[in-house]
Amino acid sequence: MSMQDWEIVIGCEVHCQLDTQTKIFSGAPTTFGMEANTQVASVDLGLPGVLPVLNEKVIGFAIKAGLALECTINQVNEFARKNYFYPDLPKGYQISQAELPICEHGKLDFFLNGQSKRVGITRIHMEEDAGKSSHLSGKPISLVDLNRAGTPLVEIVSEPDMGSADEVVAYLKELRAIVLYLGICDGNMEEGSFRCDANVSVRKRGAELGTRCELKNINSFKFIKDAINYEAFRQVELIEAGGLVRQETRLYNPDRGITFTMRTKEEAHDYRYFPDPDLPSIVISDEELEAIRKELPELPAEKRERYQSSFSLSVYDSEVLAADKHVAQYFETSIDAFSKTPKITANWIINEVLRETKASDVGHFTITPTRLAGLIALLDDKTINGKIAKTVFEKMLTTAASAEEIVSAEGLRQVSDSGAIESVVDRLIEENPDKVEQYRAKPKMLGWFVGQVMKAMKGKANPAIVNDILVKKLNEEPK
Amino acid sequence: MDLSFKALRRSYENGKSVASVLEPLQAAQKENRHNAFITLNAVDYPDFDPSKKLSGIPIALKDNIVTKGIRTTAASKMLSNFIPPYDATVVTKLKNAGALLVGKNNLDEFAMGSSNENSAFGKVLNAHDSAYVPGGSSGGSATAVAANLCAAALGSDTGGSIRQPANYSGVVGLKPTYGRVSRYGLIAFASSLDQIGPLSHKVEDAATLLEVISGYDKNDMTSAKKEVPKFAKFCEQGVEGMRVGVPQEYFDIDVDNPHLSKGVEETIRASIVALEKAGAIIEKVSLPHTSYAVATYYLIATAESSSNLSRFDGVRFGHRSSSAQTLDELYQKSRSEGFGEEVKRRIMLGTYVLSAGFYDAYYRKAQRVRTLITRDFEEVFQEVDMLLTPVTPSPAFRFGEKSEDPLQMYLEDIFTISCNLAGLPGMSIPFGESEAGLPIGVQLLSPWWEEGRLFQAGRQLELSRGVE
């Protein structure tokens, strides 16, 4: 069997919990991690006689997502009921959207390994989340927590435009960055704020679409990648052995690295969607739409573009910086404070800052963007050299002092005085005639001399000047 | 004893205590001879407060309107022990207006029925003759008013459930414009059709009650941001020059439809004469899609109810089967045991109507016909100010007469249903009597938000019968 002959076709359904204070149809708070069944209003319990009241914020959030993904916004859209029984679904139906979703026909462009890729967005619709069931192992008891019930979601459905697990992960990362930029979702995959279902099918290259399986509720990029790769392999193996893929919903077991059947097509629900008579159609005026459009922030793609054109950053650097809103913010604040060398600033953030802190926490990093800018300014005016800069950076991690204060206090100023350097070099040549001899045969020995000078001068010597003086002196005829 | 609001107020103003009015009523309520009440409330006797519109007025509530701390059953075994933690908006409004909420009325289970024979708490007897049905689904409310057990009651009307029992029981019954009264706290049957409304002795009392319970409610997105007129004022305005349409389709009824009984026909004729005498102009009009109304209604109402009743699953509240071993059994047994026959029939019908492959043929088509029926009314109200029709083809029938044939039962709603499909206001007013001495009413329908016209014409009909 060879995967080479096969194409994988993947479409995604992403559920984003919207970051509103209260639920989509009740005034109950959406706070995560609270005691079970405390974040619940009578509407969330589905008590007899209660009615849903739409949280208007949800509309604005959904429209923002739609505009960011270049969708058509349906200015008249409606909620529908999706009917099924489950203990964590209090009303026996989920309020969602069916025939008239709020956004349709969008697209998302992103980069993977330097190549640009486009995925079509079929639709975005609003809905309420269900509660959470837990089943006690070994006991005939199931517990239901309705804190999550009624949390607003948007479901973002893509076209089956992705051909590999890597593409899916890149798509999801870009999508996650966008919802974070928009401030509509906290993107937390572990807590389930951003979860993905993937529809996977395989076909011989160029053949018609194969039967798909839906992989449900995968909660990390790694698991998504592993699950898709396993599932594609499973389908190919099955077909090559003469079998047929059954349309079904499957779950991923990360411990065993396999997918397994959750329910078959025959067991699938008939959801009996119909317009929810408790909720009038939602009508969005041109003015409202324009107002929301004006609130849209600069998105990752625009930032990448600008970083390349305005700051001459590489594709890679601009991708890393723009991938997270907090990192981009950090970068831009730092540039505002010291704008002469954006490329150097970018390097420091990518190599040093992001080694010390997670991208999402960079906003709380001890070395604020302004402090970093101070350090880079010292580098730029040659007050310190690169090596000392790293020492200063280390010290900045544990104090609140500015780079300049640290350099002054610790006497780390770079020595560019050629007299001082010359005297060290002269002594070195005198004391090591053997090394000088070696140098003449092997000019690479220069490095050893540089190292010794730096060591003697505690790293503070200006490396360019050290180099110049060494080359000059070593090449002089012996006296 | 005259239990009209005016008479009660007059006695309070003359120094009668609330207790002296209420005590004899409570004795009769306790006796519950007609089984009109499921639960009686503990009422203390407040002092009369003239600043409150309904001070000291004893009012009963259909038991599908939730009351905080008071059992609310919807006449179902499913909710036989359900004590709501909140008040319906109409309940809050009544309390604020000083009304005394005396008890919870029997009804057809979940408001599904036209005879009040479908109650887990037993049938309700007609106050005029206990061999006859009181009508449904607000049968307990109609009977409680007709038997003088309260001054007025609130019912709910999805396809005629206020107007039809009012008609069978000889009281006034009003279904307001859809969106006039908040549905928050009404246990839903069919959300796009349900509307709470008053049943009363007098037209003026219905107007006063409507004034109290109407208005936009932030808890109900289908309630309308419409100003609430002083409805009682309309009762004094007469019908001079008012154009009243009589839809021909309600008289030339075809094979599917039962014929109009003699008593009903005579009552209608008499009401036409009475209104003409008072200066109204009677015109023949046409509502061409009338014959589709019953079918349309039973597709939409059952579809919505199949979904609305899904929350009664035995998980959080209500009846839970004690013999269920698995999750599926929990649902199947709790619902099989908790719901009555008619409710199950409608849930199954509604589930079928919404199923994959049938949705377009049934639900979607029914919605289209609903639009046509609404358009009929829009057009007819270009020509006339209101409509006059029978409420039902015949007066109250005997127990068991139609309960074996659901279709015959559904056809009882033929004249009341279109009003709900279009969201119009409609009122049933007693105006005649059958040979057996049972009451017969007439129905008035007005354009959306024009309930005032119903009170104008309704009061005129009362006057012509010599009602004070």
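The values are calculated or read from the model by the stated rules, or taken from the named source; none is laboratory data. As the structure is a computational prediction, the values presented were derived from the model and not from experiment. Note that each Cβ is placed from the backbone with ideal geometry, even for glycine, and that neighbours are counted across all protein chains shown. The protein model used for the area step is the full one, side chains on, heavy atoms only, and it has no ligands, DNA or RNA in it. Shrake-Rupley method; radii C 1.70, N 1.55, O 1.52, S 1.80 Å.
Looking at (1) modelled with pLDDT of 90 or more; (2) not assigned by TED's automatic domain parsing to the domain that holds A:Val353, can you tell me which one A:Thr264 breaks? Unmet for A:Thr264, out of (1) modelled with pLDDT of 90 or more; (2) not assigned by TED's automatic domain parsing to the domain that holds A:Val353: (1). Only one of the numbered conditions (1) in contact with a Pro (Cβ under 8 Å, 6 or more places away or on another chain); (2) part of a helix (DSSP H, G or I) is not met by B:Thr177, and that is (2). Only a single criterion out of (1) within 14 Å of chain B (Cβ to nearest Cβ); (2) modelled with pLDDT of 95 or more is not satisfied by A:Ile73, namely (1). The set of residues from the range A:308-330 being aromatic (Phe, Trp, Tyr) and in contact with a Phe, Trp or Tyr (Cβ under 8 Å, 6 or more places away or on another chain) comprises just one member, A:Tyr330. Residue pairs whose Cβ atoms lie under 6 Å apart, separated by 6 or more positions or on different chains, with the first residue in the range B:424-437 and among the polar types (S, T, N, Q) and the second surrounded by fewer than 23 Cβ atoms within 10 Å (Cβ to Cβ), are B:Ser434/B:Gly263.
Restricted to the range A:93-143, and to residues that are of a type in the set (Phe, Trp, Tyr) and buried (at least 22 other Cβ atoms within 10 Å of the Cβ), which residue is nearest to A:His15 (Cα to Cα)? This residue is A:Tyr93.
Of the residues in the range B:64-80, not one is among the charged types (D, E, K, R), modelled with pLDDT under 95 and open to solvent by 10 Å² or more (accessible area, probe 1.4 Å). Is there a residue in the range A:81-91 that is out of contact with any Gly (no Cβ under 9 Å at 6 or more places or on another chain), assigned by TED's automatic domain parsing to the domain that holds A:Gln17 and either outside any strand (DSSP E or B) or not basic (Lys, Arg) (or both)? Looking through the range A:81-91, none of the residues is out of contact with any Gly (no Cβ under 9 Å at 6 or more places or on another chain), assigned by TED's automatic domain parsing to the domain that holds A:Gln17 and either outside any strand (DSSP E or B) or not basic (Lys, Arg) (or both). Within the range B:416-429, the set of residues being under 10 Å from B:Arg163 (Cα atoms) and not aliphatic (A, V, I, L, M) comprises B:Thr416, B:Gly426, B:Ser428.
Criterion first (part of a helix (DSSP H, G or I), away from chain A (no Cβ under 13 Å), among the charged types (D, E, K, R) and open to solvent by 40 Å² or more (accessible area, probe 1.4 Å)) does B:Lys284 satisfy it? Lay out the reasoning, then the answer.
Working: part of a helix (DSSP H, G or I): no; away from chain A (no Cβ under 13 Å): yes; among the charged types (D, E, K, R): yes; open to solvent by 40 Å² or more (accessible area, probe 1.4 Å): yes.
When the stated conditions are applied, B:Lys284 does not pass them.
Scanning the range A:453-464 finds no residues that are open to solvent by less than 60 Å² (accessible area, probe 1.4 Å), part of a helix (DSSP H, G or I) and among the basic types (Lys, Arg). Among the residues of the range B:122-135, the ones that are in contact with a Phe, Trp or Tyr (Cβ under 9 Å, 6 or more places away or on another chain) and either of a type in the set (Phe, Trp, Tyr) or open to solvent by less than 30 Å² (accessible area, probe 1.4 Å) (or both) come to 5 in all.
So which of A:Ala198, A:Ala227, A:Ala177 is assigned by TED's automatic domain parsing to the domain that holds A:Cys71, open to solvent by less than 30 Å² (accessible area, probe 1.4 Å), within 25 Å of A:Glu128 (Cβ to Cβ) and in contact (Cβ under 8 Å) with a residue 12 or more places away in the chain? Steps first, please.
Working: A:Ala227 fails: within 25 Å of A:Glu128 (Cβ to Cβ); A:Ala177 fails: within 25 Å of A:Glu128 (Cβ to Cβ).
Criteria check complete, one pass: A:Ala198.
Condition check: without any contact (Cβ under 8 Å) to a residue 60 or more places away in the chain and in contact with a helix residue (DSSP H, G or I) (Cβ under 7 Å, 6 or more places away or on another chain). Does B:Pro176 satisfy that? So that I can check it myself, show each step before the final result.
On the way: without any contact (Cβ under 8 Å) to a residue 60 or more places away in the chain: no; in contact with a helix residue (DSSP H, G or I) (Cβ under 7 Å, 6 or more places away or on another chain): yes.
Against the criterion (without any contact (Cβ under 8 Å) to a residue 60 or more places away in the chain and in contact with a helix residue (DSSP H, G or I) (Cβ under 7 Å, 6 or more places away or on another chain)), B:Pro176 does not qualify.
Picking from residues in the range A:265-295 that are without any contact (Cβ under 8 Å) to a residue 12 or more places away in the chain and either among the hydrophobic types (A, V, I, L, M, F, W, C) or exposed (fewer than 12 other Cβ atoms within 10 Å of the Cβ) (or both), the one that is farthest from the other protein chains (Cβ to nearest Cβ) is A:Lys294. Apart from one condition, B:Asp47 fits all of (1) in a loop (DSSP other than H, G, I, E, B); (2) within 14 Å of chain A (Cβ to nearest Cβ); (3) surrounded by fewer than 19 Cβ atoms within 10 Å (Cβ to Cβ); the exception is (2). Here the range A:43-60 is the region considered, the condition is being touching a residue at least 12 places away in the same chain (Cβ under 8 Å) and over 18 Å from A:Pro280 (Cβ atoms), and the residue that is surrounded by the most Cβ atoms within 10 Å (Cβ to Cβ) is A:Asp44. Here is a check on your reading of the model: is A:Val58 within 14 Å of chain B (Cβ to nearest Cβ) and hydrophobic (A, V, I, L, M, F, W, C)? Here the answer is yes, as A:Val58 does meet what is asked. Checked against the criterion of being farther than 30 Å from A:Lys473 by Cα, over 29 Å from the mean Cα position of the chain (by Cα) and outside any helix (DSSP H, G or I), the candidates A:Ala377, A:Ala400 yield just one match: A:Ala400. Of the helices (runs of 4 or more DSSP H) entirely within the range B:394-468, those holding at least 2 residues that are under 25 Å from B:Gly113 (Cβ atoms) occupy B:406-411, B:417-422. Could you check the range B:289-333 and list, in sequence order, the residues that are within 11 Å of chain A (Cβ to nearest Cβ), of a type outside the set (A, V, I, L, M, F, W, C) and either within 26 Å of B:Asp413 (Cβ to Cβ) or open to solvent by less than 10 Å² (accessible area, probe 1.4 Å) (or both)? Listed by number, the residues that qualify are B:Glu304, B:Ser305, B:Ser306, B:Ser307, B:Asn308, B:Ser310, B:Arg311, B:Asp313, B:Gly314.
Answer yes or no as to whether A:Ser334 is closer than 25 Å to A:Asn113 by Cα and among the hydroxyl-bearing types (Ser, Thr, Tyr). Taking the combined requirement at face value, the residue does not satisfy it.
More than 17 Å from B:Val91 (Cα to Cα), of a type in the set (Ser, Thr, Tyr) and either out of contact with any Pro (no Cβ under 6 Å at 6 or more places or on another chain) or free of Cβ contacts under 8 Å to residues at least 40 places away in the same chain (or both): which single residue out of B:Tyr132, B:Tyr184 fits that description? Steps first, answer last, please.
On the way: B:Tyr184 fails: more than 17 Å from B:Val91 (Cα to Cα).
Step by step, each of B:Tyr132, B:Tyr184 is checked, and only B:Tyr132 is more than 17 Å from B:Val91 (Cα to Cα), of a type in the set (Ser, Thr, Tyr) and either out of contact with any Pro (no Cβ under 6 Å at 6 or more places or on another chain) or free of Cβ contacts under 8 Å to residues at least 40 places away in the same chain (or both).
Taken residue by residue, the range A:339-352 has no member that is free of Cβ contacts under 8 Å to residues at least 60 places away in the same chain, closer than 24 Å to A:Gly66 by Cβ and surrounded by fewer than 19 Cβ atoms within 10 Å (Cβ to Cβ). Candidates B:Leu411, B:Leu424, B:Leu407, B:Leu388: the one that is surrounded by fewer than 16 Cβ atoms within 10 Å (Cβ to Cβ), of a type in the set (A, V, I, L, M, F, W, C) and more than 14 Å from chain A (Cβ to nearest Cβ) is B:Leu407. Hey, does the range A:28-39 have a residue that's in contact with a helix residue (DSSP H, G or I) (Cβ under 6 Å, 6 or more places away or on another chain), part of a strand (DSSP E or B) and assigned by TED's automatic domain parsing to the domain that holds A:Asp145? Looking for residues that are in contact with a helix residue (DSSP H, G or I) (Cβ under 6 Å, 6 or more places away or on another chain), part of a strand (DSSP E or B) and assigned by TED's automatic domain parsing to the domain that holds A:Asp145, one finds none in the range A:28-39, hence no. Would you confirm whether or not the range B:204-211 contains a residue that is within 22 Å of the chain's Cα centre (by Cα) and within 14 Å of chain A (Cβ to nearest Cβ)? No, that holds for no residue.
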